[in-house]
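Following: one structure in structure tokens, then a few remarks.
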Amino acid sequence: MPSFSLVIPTHSRPAQLSACLRSLAEIDYPRECFEVIVVDDGSEPPVDSVVAPFLSELTLSLVRQANAGPAAARNTGVERARGTFLAFTDDDCLPEPSWLRALADALAQAPESMVGGETLNAATGNLCSETSQLIVQAVYRYYNAGPRRARFLASNNLAVSAKGFREVGGFDPAFRAAEDRDLCDRWLHSGRLISYHPAARVRHAHMLNPRSFCQQHFRYGRGAERFHRLRASRNSGSLLADSRFHLDIRNWLGCPLAAVPPRQVLPVATLLALWQMTNLAGFLWEKAQYNACRLRDGALSRFR
């Protein structure tokens, strides 16, 4: 069986982390073939007491760093990783018992590929969380229409060879959101493949309200602007091509609404519209900040 290092960034979510570690303790995979690395990204208080009960059940290590965001935290975990393959999930995710076996099966077919699976909503009854799940499904439907030639995997459910991950430079720590889009794009740009295997499932227990829903997608919009700016600099794709997803209303409204009961159509449609607006607002805000910095730096250069 291939060896895995499971890397989990966490920041001040002790209850979610405990549930995540409980699910990992129930993974159906030889214990000697995987380790768990929790990276405490500046939690207050630290998560030592959360991790301690699982030390006897898992090969588990805890690393603490000053808060730098999940991308930087994952890279810190990889520095300690000993496995042939890396697997990433988040502290509010609950991998199913068969998760690692499904990833191992996928990597056996394509060991040089990045592989990932399906994410399911565990916060049932929460309309914002359910809508967020519909968004993920819409994105995967569009970008991963060819599972063996997928284009995007979220960082809460993906696995990759440690060697390949290090060769492409890991996650970009400058990202606070959308770091997975950037990693996937650099991975593809290097000539490697991405494969989507829905049998590798995790449940995402992210409780959202309208305010946190909008904040989340505003951050994603900011990350998207940075992603497209860097993407243009390495000539790995274009904003125009990706904008087709948003320009076709069937992708982000028609298909998601077809999956909800009639009584939820109006509130879900409202949330989907909010997603589009806040995502665009975050994109434009980040672009304005970047342009303002360029103007300021240019003015300082002329003054000097």
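The values are calculated or read from the model by the stated rules, or taken from the named source; none is laboratory data. Everything numeric here is computed off the predicted structure, so don't read it as measured data. Positions of Cβ are generated from backbone atoms using ideal geometry, with glycine treated the same way; all protein chains shown enter the neighbour counts.
Close contacts from region 5-34, counting a first residue that is more than 13 Å from Phe88 (Cα to Cα) and a second that is part of a strand (DSSP E or B) and not polar (S, T, N, Q), with Cβ to Cβ under 7 Å and a gap of 6+ residues or different chains, come to His11/Asp41; Ala19/Leu94; Ser23/Leu94; Ser23/Pro95; Ile27/Pro95; Cys33/Phe4.
To keep it simple, each residue is scored yes or no on (1) under 24 Å from Gly83 (Cβ atoms); (2) at pLDDT 95 or above; (3) charged (D, E, K, R).
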{"position": "Tyr140", "(1), (2), (3)": "no, yes, no"}
{"position": "Gly146", "(1), (2), (3)": "no, no, no"}
{"position": "Phe152", "(1), (2), (3)": "yes, yes, no"}
{"position": "Gly170", "(1), (2), (3)": "yes, yes, no"}
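Would you check if Ala68 is surrounded by fewer than 21 Cβ atoms within 10 Å (Cβ to Cβ), small (Gly, Ala, Ser) and touching a strand residue (DSSP E or B) at 6+ places or on another chain (Cβ under 7 Å)?
Numbers: surrounded by fewer than 21 Cβ atoms within 10 Å (Cβ to Cβ): yes; small (Gly, Ala, Ser): yes; touching a strand residue (DSSP E or B) at 6+ places or on another chain (Cβ under 7 Å): yes.
It is true that Ala68 is surrounded by fewer than 21 Cβ atoms within 10 Å (Cβ to Cβ), small (Gly, Ala, Ser) and touching a strand residue (DSSP E or B) at 6+ places or on another chain (Cβ under 7 Å).
Selection of region 186-236 for residues being of a type in the set (A, V, I, L, M), under 15 Å from the mean Cα position of the chain (by Cα) and part of a helix (DSSP H, G or I) yields only Ala224. Can you pull out the residues in region 38-65 that are among the hydroxyl-bearing types (Ser, Thr, Tyr) and either under 22 Å from Leu183 (Cβ atoms) or touching a strand residue (DSSP E or B) at 6+ places or on another chain (Cβ under 7 Å) (or both)? Correct list: Ser43, Thr59, Ser61.
Checking each residue in region 54-93 for being over 15 Å from Tyr29 (Cβ atoms) and touching a Phe, Trp or Tyr at 6+ places or on another chain (Cβ under 6 Å) picks out Ala71, Arg74, Asn75. Criterion applied to Thr76, Thr84 was being at pLDDT 95 or above and within 16 Å of Ile8 (Cβ to Cβ), and the one residue passing it is Thr76.
In region 76-145, counting only strands (runs of 3 or more DSSP E) that sit wholly within it, the ones holding 1 or more residues that are surrounded by fewer than 19 Cβ atoms within 10 Å (Cβ to Cβ) span 114-121. Checked against (1) in contact with an Asp or Glu (Cβ under 9 Å, 6 or more places away or on another chain); (2) over 28 Å from Ala269 (Cβ atoms), Asn156 meets all criteria but (2).
Screening Val265 with (1) part of a helix (DSSP H, G or I); (2) in contact (Cβ under 8 Å) with a residue 60 or more places away in the chain; (3) over 20 Å from the mean Cα position of the chain (by Cα) gives one miss only, at (2). Counting the residues of region 232-245 that are surrounded by 12 or more Cβ atoms within 10 Å (Cβ to Cβ) and either among the hydroxyl-bearing types (Ser, Thr, Tyr) or at pLDDT 95 or above (or both) gives 1.
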